[in-house]
Amino acid sequence: MTFASLGLIEPLLRTLETLDYKTPTPVQAQAIPAVLKGRDLMAAAQTGTGKTAGFALPVLQRLMMEGPTVASNSVRALVLVPTRELAEQVHQSFMTYAQNLPLSTYAVYGGVSINPQMMKLRKGLDVLVATPGRLLDLYRQNAVKFNQVQTLVLDEADRMLDLGFANELDAVFSALPKKRQTLLFSATFSEAIRQMAGEMLKDPLSIEVSPRNAAAKSVKQWLIPVDKKRKPELFLHLYQSRRWQQALVFVKTRKGVDELEAELQRNGISADSIHGDKPQATRLRALQRFKAGEVLVLVATDVAARGLDIDDMPLVVNFDLPIVAEDYVHRIGRTGRAGMTGEAVSLVCADEVQLLSAIESLTGQLLKRVDEPDFIPDHRVPVTVAGGVVIKKPKKPKVKTVPGSGKGKIHLGNWFEESEAPKAKAVRKVPSFGGKGPKKKG
Ligand code: AMP
C-alpha cells in the first residue's frame with residue numbers, strides 16, 4: 001500500500017517522500033481515507049503507531065480542499081492535547097507535514113505568557129493545537145472564535161480526562177459548531193471516554209491498533225552482536241559516534257556495573273551507578289544527579305533499578321541481557337513514554353543467545369540485528385527465529401545479519417518493528433470495537 005493510493009494530494013506526497021515515509025502504518029491506512037471522506041473517527045492508538053500523521057495529513061488536505069479562508073481570530077482545525085509537551089510535538093508535526101502547503105499552524109498552552117498567543121491568533125490560524133485550559137482562557141477573552149472550526153481532534157483523550165480537564169472540555173465542546181468532523185484518539189477506552197465518544201461522534205469509524213504488550217509500544221528496539229570482551233569498547237564507540245546523551249545502562253552484575261562506570265569515567269563520560277551494594281542514600285543521590293542532567297550515563301543492575309522513578313529516558317542500553325526475560329520488558333518500559341519515541345539497544349554476545357530467544361518469545365517479536373562494522377564478533381551470535389528456536393550454526397554474513405527465516409507465528413505489536421523486522425510471518429490484531437461501540441445518545 002502507498003500513501004498515493006490513500007488519496008493524498010501531491011504536495012503531501014512530496015513531503016512524505018522528503019521524510020522517507022514509504023508505507024502507511026496500519027492506523028494511517030485506516031484513518032486517512034476515512035478522514036478525507038469527512039467521517040468521524042474513534043481510534044485506539046498510542047504514540048509510536050504513527051497516529052499523528054494519521055490525522056494531520058488528511059486534516060491538512062481537507063483544509064486545502066474545503067472551506068473558506070480563515071477569518072481573524074478564527075481557527076479551522078482544532079487539536080486538543082493534554083500537555084504542553086504534546087502540544088509542541090503535535091504542532092511540530094503539523095508544521096512538518098504542511099511544509100508544502102500555504103497553511104498556518106500554532107500551539108497554545110498554559111504556563112507561558114498569554115499575550116504572544118493572543119497576538120498570533122489575531123490573523124486567524126488554519127490549525128491550532130491547544131491544551132484545554134489555555135484554550136478556554138483565550139476563548140473567554142475573545143482571542144479565539146470557534147465558528148469556523150470544521151475539524152476537532154481530541155488527542156490522548158484519556159489523559160485529558162486523567163488530568164482533570166473534563167469541565168474545560170465540556171465548556172469548549174458546547175462552544176463549537178455542531179456541524180463538524182470529530183476525531184478522537186485515546187490509548188484506553190474507559191466508560192468515561194466511551195460516553196464522551198457517544199456524545200461527540202457521529203457514526204464514527206472505529207480503529208484499534210493494539211500493542212500486545214509493554215515491549216511493543218513506541219520503543220525502537222534493536223541489538224548489536226558483539227564479542228563479550230569487547231562490550232565496553234563497543235559501548236564507548238556507540239556513545240561517541242552516535243552522539244548519545246542521557247542513557248540508562250543495564251549491566252548484569254555489581255562488579256560489571258563498577259567496571260563500566262570506571263571505564264566511562266576514564267574516558268571523560270560523566271557516569272554514576274546504582275547497585276545493591278550501595279547504600280540507599282548513595283543510590284538516590286545518583287538518581288537525582290542523573291535526573292538533573294549532571295550525570296549523563298547511569299549504570300544499574302535490575303534489582304537496584306526496580307521501583308526507581310526513572311521512566312522518560314530517550315535511551316535504554318542493555319549492556320548485558322537480563323537473566324529473567326520479564327526484566328527486559330521492565331527495562332525498556334523506562335523509555336518511549338510521555339509521548340516520546342524511545343530507543344532500546346542491546347549488546348548481545350554468543351553466550352546470551354538463549355536469553356535473547358527467551359526475550360523474543362516473551363515479547364513475541366524478533367529484535368532487529370544491526371552489525372557495527374568494526375565489532376563483528378568472532379563468536380557469532382546464533383540466529384534466533386520466531387517461536388524461540390535457535391539455529392545452531394548460522395551462516396556467516398559479511399555485513400548485515402538478518403535474523404529469522406520466520407517459521408511459526410510471530411506477533412509484531414507495533415508497526416515500527418514490523419517495518420524493520422525480518423520477513424517473519426506477521427499476525428496483526430486490528431479488531432474493531434464491534435458491538436461495544438459508543439452508545440448513541442437519543
Ligand atoms: P506518532 O505515533 O504519531 O508519535 O509517530 C511516531 C513516529 O513515527 C514519528 O517520529 C513519525 O515521524 C514516524 N512516522 C509516522 N508515520 C510514519 C511512516 N508511515 N513511515 C515512517 N515513519 C513514520
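Before moving on, here are some points about what is shown:
- Across segment 24-54, the qualifying residues are those that are more than 6 Å from the ligand (Cβ to nearest atom) and part of a loop (DSSP other than H, G, I, E, B), and the one among them that is modelled with the lowest pLDDT is Gln46.
- Of the residues making up segment 261-282, those that are in contact with a helix residue (DSSP H, G or I) (Cβ under 6 Å, 6 or more places away or on another chain) and either in contact (Cβ under 8 Å) with a residue 24 or more places away in the chain or of a type in the set (Gly, Ala, Ser) (or both) are Glu263, Asn267, Ala271, Asp272, Ser273, Ile274, His275, Gly276.
- Members of segment 3-23 that are within 22 Å of the chain's Cα centre (by Cα), among the hydroxyl-bearing types (Ser, Thr, Tyr) and either near the ligand (Cβ under 10 Å from one of its atoms) or surrounded by fewer than 20 Cβ atoms within 10 Å (Cβ to Cβ) (or both): Thr18, Tyr21, Thr23
- Count of segment 99-129 residues which are touching a residue at least 40 places away in the same chain (Cβ under 8 Å) and not charged (D, E, K, R): 10
- Residue in segment 57-73 that is surrounded by the most Cβ atoms within 10 Å (Cβ to Cβ), counting only those that are assigned to a loop (DSSP other than H, G, I, E, B) and in contact with a Leu (Cβ under 9 Å, 6 or more places away or on another chain): Val70
- Residue match in segment 80-88 (condition: surrounded by fewer than 16 Cβ atoms within 10 Å (Cβ to Cβ), hydroxyl-bearing (Ser, Thr, Tyr), within 24 Å of Glu208 (Cα to Cα) and more than 11 Å from the ligand (Cβ to nearest atom)): no
- Test: residue in segment 55-71 that is within 16 Å of Leu154 (Cα to Cα), at pLDDT below 95 and near the ligand (Cβ under 9 Å from one of its atoms): no
- Leu36 touching a Leu at 6+ places or on another chain (Cβ under 8 Å), surrounded by fewer than 23 Cβ atoms within 10 Å (Cβ to Cβ) and at negative phi: yes
- Output for segment 220-239, where each listed residue is closer than 17 Å to Gly256 by Cβ and among the charged types (D, E, K, R): Asp227, Lys228, Lys229, Arg230, Lys231, Glu233
- Where Thr151 falls short, out of the listed (1) in contact (Cβ under 8 Å) with a residue 60 or more places away in the chain; (2) under 15 Å from Leu169 (Cβ atoms): (2)
- Qualifying position, being under 27 Å from Arg122 (Cβ atoms), modelled with pLDDT of 95 or more and surrounded by fewer than 20 Cβ atoms within 10 Å (Cβ to Cβ), among Pro232, Pro177: Pro177
- Taken over segment 329-367, residues that are of a type in the set (Lys, Arg) and surrounded by fewer than 19 Cβ atoms within 10 Å (Cβ to Cβ) amount to 1.
- Conditions (1) over 22 Å from the mean Cα position of the chain (by Cα); (2) outside any strand (DSSP E or B): number failed by Arg76: (2)
- Cross-chain or 6+ apart pairs with Cβ under 7 Å, segment 220-242 first and without any contact (Cβ under 8 Å) to a residue 40 or more places away in the chain, then of a type in the set (A, V, I, L, M) and surrounded by 14 or more Cβ atoms within 10 Å (Cβ to Cβ): Pro232/Leu260
The values are calculated or read from the model by the stated rules, or taken from the named source; none is laboratory data. As the structure is a prediction and not an experimental result, all values here were calculated from the model. Quick reminder, even Gly has a Cβ in these numbers, built from the backbone with ideal geometry, and neighbours come from all protein chains shown.
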